[in-house]
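What follows is one structure encoded as structure tokens, with my remarks underneath.
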Amino acid sequence: MAVKIHSLKIAPQYMDAVVAGQKKAELRRSDRDYKVGDLLALCEWKHGKYTGREWASVITHILPAGDVIAGAEGWSVLSIRSLSPTDALVYIFDQGGVDYVR
């Protein structure tokens, strides 16, 4: 089964923390069909445009924020594991290909 890749904007300071392995979660609107095992293509966004820097992370757990915070319906905390570019390619290959979502 192909893995979905969700392309998401991320600010430089958060991108740095993901790449360093310090940031292990993303708080996101539940406006996509996120699933455990999907990849996030994190695309650095600065001053209203993409910088060209990208990083991949795999979703390891999804916590609907409304389950723990009143009024936070429609948001999810995505637990992530950062992947090097090589690890991301191996992961996609092992999962049977890609279904890219923007």
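Every read-out reported here was derived from the displayed coordinates using simple, explicitly stated rules and does not represent laboratory data. On a predicted model such as this, the values are computed, not experimentally measured, just so you know. As a convention, Cβ positions derive from the backbone with ideal geometry for all residues, glycine included, and neighbour counts pool all protein chains shown.
What does DSSP give for the chain in terms of the percent of beta bridges that are antiparallel, rounded to the nearest 5? Bridges in the chain that DSSP calls antiparallel: roughly 65 percent. In the set (i) 7.4; (ii) 9.3; (iii) 6.8, the label that goes with mean projected area of the Cα convex hull in nm² computed for this structure is (iii). Label-to-label distance for R53 and L89 is 2.2 nm, based on points extended 7 Å past Cα in the beta-carbon direction.
Neighbour counting of Cβ atoms within 10 Å sorts the residues E73, E26, fewest neighbours leading, into E73, E26. Given their separation in residues at 0.36 nm each and the Cα-Cα distance between them, D31 and W75 gain 15.0 nm when the chain is fully extended.
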